[in-house]
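The values are calculated or read from the model by the stated rules, or taken from the named source; none is laboratory data. Predicted model, so just to flag it, every value in this text is computed and none were measured. Glycine gets a Cβ as well: all are built from the backbone with ideal geometry, and neighbour counts include every protein chain shown. Quick note on the areas: whole protein, heavy atoms, side chains included, nothing else; ligands and nucleic acids left out. Shrake-Rupley method; radii C 1.70, N 1.55, O 1.52, S 1.80 Å.
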Amino acid sequence: MNNMLDMLANRRTVRSFQEREITKEDIRAIKEATLRSPSAGNMALYSVIDVTDATEKETLAKLCDNQDMIAKAPMVWIFLADMQKWVNYYEEGGSRARGEKEKTASWRAPGLGDLHLCLQDAIIAAQTAVIAAESLDIGSCYIGDILENFEQTKTLLHLGKFTIPACMVIFGYKKNQGNLKLTARCPENAIFMENHYREPHLEQLKQDFASHEENRRKTNSLPFSNTGSIADYYYFRKHTSSFMEEMNRSTKLMFDTWTDR
């Protein structure tokens, strides 16, 4: 196994960081790697907000289900799906007007296909940043709760109509590295399928998530007095949770705002 594969195999999510700033040199290295991320048509359909203001970090922590680790993280990056830059370029640079004048193109507002590409660009960039940081021994954690409370987040970050949060990642030098353990993943044949989708059902799913369930049993975190399954765990803890309900409401608002004409 080469160094890169070894690093990927042993990467862990880190939620507790050393109380020191990330050096300018390391930040520059992460930024340069991020900018080399694959991008649809090399359009860079994403932007990154580096949140450095302490008050803004605290606000984000509250909006993201009161996760104090966000406020304490040395570096907080919000990756945005961003078509606004190109809408402005088309309009302010005259492309739209020239197309309409020459009758070579009529104006098309960004649609869901554009949004999908922007989200891909943003998340690819985020994962590139995560891997670059890991190579520098800087830990990271994705914060899915940035999808909640879109109204407040939109105002806080001054987001345009065609700019929405794709994900947020917090970074910092690792703390207590010796206590970190690798979490279970699904086996290869549960994820990789050849030529067509193979829909799994109960017996196969039990095998696919057996290691997940075993780990939950060891920590006594399964529902129903530890007699429930891993499906029970995720159904009651996540699928039907209040935060998931809010995430769905907020994400629908993001998409509705994007497509509203």
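Values as computed for the structure displayed
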{"read-out": "Scan of the stretch 41-62 for residues that are in contact with an Asp or Glu (Cβ under 8 Å, 6 or more places away or on another chain), open to solvent by 30 Å² or more (accessible area, probe 1.4 Å) and more than 23 Å from S135 (Cα to Cα), ordered by number", "value": "M43, A44"}
{"read-out": "Breaking point among (1) assigned to a helix (DSSP H, G or I); (2) in contact (Cβ under 8 Å) with a residue 12 or more places away in the chain; (3) β-branched (V, I, T), for T55", "value": "(2)"}
{"read-out": "Subset tally (residues that are surrounded by 13 or more Cβ atoms within 10 Å (Cβ to Cβ) and more than 24 Å from H116 (Cβ to Cβ)) for the stretch 67-88", "value": "9"}
{"read-out": "Residue within the stretch 221-230 that is open to solvent by 70 Å² or more (accessible area, probe 1.4 Å), under 25 Å from the mean Cα position of the chain (by Cα) and at negative phi present", "value": "no"}
{"read-out": "Meets criteria (in contact (Cβ under 8 Å) with a residue 12 or more places away in the chain, more than 18 Å from D53 (Cα to Cα) and aromatic (F, W, Y)) for F150", "value": "yes"}
{"read-out": "Filter result (loosely packed, with under 14 Cβ neighbours inside 10 Å and either of a type in the set (F, W, Y) or touching a residue at least 12 places away in the same chain (Cβ under 8 Å) (or both)) within the stretch 89-109", "value": "Y89, W107, A109"}
{"read-out": "Residues satisfying the stated conditions in the stretch 132-166, i.e. assigned to a helix (DSSP H, G or I), open to solvent by less than 30 Å² (accessible area, probe 1.4 Å) and in contact with a Leu (Cβ under 9 Å, 6 or more places away or on another chain)", "value": "E134, D145, I146, F150, T153, L157"}
{"read-out": "Residue within the stretch 29-52 that is modelled with pLDDT under 95, charged (D, E, K, R) and under 22 Å from A125 (Cβ atoms) present", "value": "no"}
{"read-out": "Candidate set from the stretch 12-26 (those that are acidic (D, E), open to solvent by 50 Å² or more (accessible area, probe 1.4 Å) and at pLDDT 95 or above); member that is nearest to the chain's Cα centre (by Cα)", "value": "E21"}
{"read-out": "Candidates A97, A105, A109, A81, filtered to the one that is more than 21 Å from L159 (Cα to Cα), outside any helix (DSSP H, G or I) and among the small types (G, A, S)", "value": "A105"}
{"read-out": "Sole exception among (1) over 30 Å from W258 (Cβ atoms); (2) not in a helix (DSSP H, G or I) for Y197, by number", "value": "(1)"}
{"read-out": "Selection count, the stretch 231-253, where residues are surrounded by 15 or more Cβ atoms within 10 Å (Cβ to Cβ) and either at positive phi or assigned to a loop (DSSP other than H, G, I, E, B) (or both)", "value": "0"}
{"read-out": "Which numbered condition S135 fails, given (1) in contact with a strand residue (DSSP E or B) (Cβ under 7 Å, 6 or more places away or on another chain); (2) over 18 Å from F255 (Cα atoms)", "value": "(1)"}
{"read-out": "Lone qualifier among A29, A9, A33 - being open to solvent by less than 70 Å² (accessible area, probe 1.4 Å), without any contact (Cβ under 8 Å) to a residue 60 or more places away in the chain, in a helix (DSSP H, G or I) and not hydroxyl-bearing (S, T, Y)", "value": "A9"}
{"read-out": "Checking E213 against (1) outside any helix (DSSP H, G or I); (2) surrounded by 11 or more Cβ atoms within 10 Å (Cβ to Cβ), the condition it does not meet", "value": "(1)"}
